[in-house]
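Asker: Let me begin by handing over the structure; questions about it come next.
The values are calculated or read from the model by the stated rules, or taken from the named source; none is laboratory data. Quantities reported herein were computed from a predicted structural model and do not represent experimental measurements. With ideal geometry, Cβ positions are generated from the backbone for all residues, glycine too; neighbour counts draw on all protein chains shown. Heads up: the accessible areas ignore ligands, DNA and RNA and are worked out on the full protein's heavy atoms, side chains in. Shrake-Rupley method; radii C 1.70, N 1.55, O 1.52, S 1.80 Å.
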Amino acid sequence: MMMYTYTDSLNIIHDYSLFIVSLLVSVIVLVGSTIITCYKVLSETPAEMIRPKAPEPGKRILLERITFIWNRLPFLHKVSLRNCFRYKKRFFMMLLGIAGCTSLLVIGFGLQDSISSVCDNQYDRVETYDYLVSVKEDMTEQEISSIVTELESLDNDSISVSMTSADVEFNNKKKSLTLVACEEIEMLSGYINILNDGKAIDTDSQDECIISNNLADSLKVSKGDKVKISFDNLREKEFVVAGIYDNYVNNYIIMTNDGYTSGCGKIPYQNCLLTKDLADAEPYEMVSKLSNIKNVVAVNSTELSAEYFNEIVKSLNGIVVLVIALSGILAFVVLFNLNNINIMERVREIATIKVLGFYKGEAASYVFRENLLLTVLGTVLGLPLGYFLHGIVMSKIKVDMICFDIHVDPSSYMLSVACTLMFAVLVELFMRTKISAVNMSESLKSIE
């Protein structure tokens, strides 16, 4: 909302090529898997199809070779570990399904982390001034001094800078931006922090400039490259990039007044005052007081801008909830189907352990212990997959005027794991009735 223009009517644009590709992929995957499965089943002889399917043969697993661990495991845990790798199809289906669920959760939480951090980074770490006061053009030094005096009477410390629009060109790519010029770059310290990974960037050369990181990424500019800047009077000059500083909202180029004069041909007019409110007054009240100062054109509060940005970020919670809900549905469907198939294929085995005296809880644990282990393995696989997909998603929603801090908080990884395990536990509780319904007489029936 800050960077786009909205109208009263919403025009929905249909991408038919994307629709056709998505439809074709869905049909190929569904029909292809059906054809392969049917071909495999129909290739069997009628005698084999009439007989109940024999259980998969058990095999030694890698953990058995680590004797100091394997020998200390309870017998039923050994059985569960073997069964996990005994049914290969179920193993890979559950692994991929749970990994997909966890990766979707990481993407959802990561979106919130990457977007919500923009506000804190910009207004707490980069733009540390409180108010941007725009003044009238062509004022005398006495009139500007009068404004500064009134700001001091309101406990506002300030510096004067020039902010004008400009264009920058590099390798035939052109971008519009805001050009900031001041007497010395060090003057901005405490008002605008010009840092790259926490390290200060400085230049006093009239042939050098400092650019924001989002602008550098868009133009593929590196430190030491020469960029051509077009000033508001259409004059052009090439400047060497002295450094690239971390910035998250809007695109900026920063230079000294001497650099501006050498490129534009005139001394920059100090049309803006960056102020810091030493009294820490209420922002709405201070904006009103500053606006009433003679020759002040506009006043922008960084605190109010941050509040407005945070309100926009809150609207993203609906997207996160949607992604979590879809992940939950995916986890439930995958786990339910695989559990159902697992139980149906192992009815005689489950009936046998019930005949041997296993209680309901023990019989359920015998089956679900394997599912829990596979869920944990799928979750571990889903975390790096989610990180990779999150990076792809963020690259597709890149905005020209905003630089997202692309990252996933550790707490988001923990939440993704917790949600996946919660979905798995809910499915297992739901499927316990299926275990209880297995008839013990099944174990006494002959397979002939």
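Asker: For the range 227-236: of the residues being open to solvent by 20 Å² or more (accessible area, probe 1.4 Å) and either hydroxyl-bearing (S, T, Y) or in contact with a strand residue (DSSP E or B) (Cβ under 6 Å, 6 or more places away or on another chain) (or both), which is modelled with the lowest pLDDT?
Answerer: D232
Asker: Failed condition for S262, given (1) assigned to a helix (DSSP H, G or I); (2) under 31 Å from the mean Cα position of the chain (by Cα), with all others met?
Answerer: Looking at each condition in turn, S262 falls short on (2).
Asker: If you don't mind, another one. What number of residues within the range 282-303 are without any contact (Cβ under 8 Å) to a residue 12 or more places away in the chain and either among the aliphatic types (A, V, I, L, M) or outside any loop (DSSP other than H, G, I, E, B) (or both)?
Answerer: So the count comes out to 3.
Asker: Consider L111 against the criteria (1) among the aliphatic types (A, V, I, L, M); (2) surrounded by fewer than 16 Cβ atoms within 10 Å (Cβ to Cβ); (3) at pLDDT 80 or above: it satisfies all of them except one. Which criterion is unmet?
Answerer: Checking L111 against (1) among the aliphatic types (A, V, I, L, M); (2) surrounded by fewer than 16 Cβ atoms within 10 Å (Cβ to Cβ); (3) at pLDDT 80 or above, the one that fails is (2).
Asker: What is the residue count in the range 170-206 for residues that are over 31 Å from the mean Cα position of the chain (by Cα), of a type in the set (D, E) and either in a loop (DSSP other than H, G, I, E, B) or modelled with pLDDT of 90 or more (or both)?
Answerer: 4
Asker: If you don't mind, there's one more thing I want to ask. Suppose the filter is open to solvent by less than 60 Å² (accessible area, probe 1.4 Å), at pLDDT 80 or above, closer than 28 Å to I350 by Cβ and among the β-branched types (V, I, T); does I98 pass it?
Answerer: Against the criterion (open to solvent by less than 60 Å² (accessible area, probe 1.4 Å), at pLDDT 80 or above, closer than 28 Å to I350 by Cβ and among the β-branched types (V, I, T)), I98 qualifies.
Asker: As an exercise: evaluate K266 against (1) surrounded by fewer than 14 Cβ atoms within 10 Å (Cβ to Cβ); (2) closer than 21 Å to E127 by Cβ and give the number of the one condition it does not meet.
Answerer: Of the numbered conditions (1) surrounded by fewer than 14 Cβ atoms within 10 Å (Cβ to Cβ); (2) closer than 21 Å to E127 by Cβ, the odd one out for K266 is (2).
Asker: So the check is Cβ under 6 Å with 6+ separation or different chains; which pairs have a first residue in the range 160-173 that's among the charged types (D, E, K, R) and a second one that's at pLDDT 90 or above and open to solvent by less than 30 Å² (accessible area, probe 1.4 Å)?
Answerer: Cβ pairs passing all conditions: D167/S230.
Asker: Of all residues in the range 135-169, count the ones that are at pLDDT below 90, hydroxyl-bearing (S, T, Y) and open to solvent by less than 30 Å² (accessible area, probe 1.4 Å).
Answerer: Residues that pass the stated criteria total 1.
Asker: Can you tell me which residue within the range 398-426, out of those that are without any contact (Cβ under 8 Å) to a residue 60 or more places away in the chain and aliphatic (A, V, I, L, M), is surrounded by the most Cβ atoms within 10 Å (Cβ to Cβ)?
Answerer: L421
Asker: For the range 237-261, give me the residue count where each residue is open to solvent by 40 Å² or more (accessible area, probe 1.4 Å) and either under 17 Å from M187 (Cα atoms) or at pLDDT below 90 (or both).
Answerer: 2
Asker: Can you tell me which residues in the range 178-203 are within 15 Å of F239 (Cβ to Cβ) and touching a strand residue (DSSP E or B) at 6+ places or on another chain (Cβ under 6 Å)?
Answerer: Those that are within 15 Å of F239 (Cβ to Cβ) and touching a strand residue (DSSP E or B) at 6+ places or on another chain (Cβ under 6 Å): L179, V180, A181, I201, T203.
Asker: While we're here: Within the range 74-95, take every residue that is at pLDDT 80 or above and farther than 19 Å from A364 by Cα and give me the one that is least open to solvent (accessible area, probe 1.4 Å).
Answerer: The residue in question is L95.
Asker: Among the polar types (S, T, N, Q), closer than 30 Å to K199 by Cα and at pLDDT 80 or above, is that true of S103?
Answerer: no
Asker: Cβ-Cβ distance below 6 Å, separation of 6 or more or different chains: which pairs start in the range 138-158 with a residue that is within 11 Å of L273 (Cβ to Cβ) and end on one that is assigned to a strand (DSSP E or B) and of a type outside the set (S, T, Y)?
Answerer: Close Cβ pairs satisfying both conditions: N156/D277; D157/K276; S158/L273.
Asker: Looking only at the range 282-313, which residues are touching a strand residue (DSSP E or B) at 6+ places or on another chain (Cβ under 9 Å) and small (G, A, S)?
Answerer: S288, S291, A298, S301, S305
Asker: Within the range 43-53, is even one residue among the polar types (S, T, N, Q) and surrounded by 10 or more Cβ atoms within 10 Å (Cβ to Cβ)?
Answerer: No, the range 43-53 has no match at all.
Asker: Just the residues that are open to solvent by 50 Å² or more (accessible area, probe 1.4 Å) and closer than 28 Å to N337 by Cα, please, taken from the range 365-397.
Answerer: Listed by number, the residues that qualify are R369, L372, L373, V376, L377, V380, L381, P384, L385, Y387, F388, L389.
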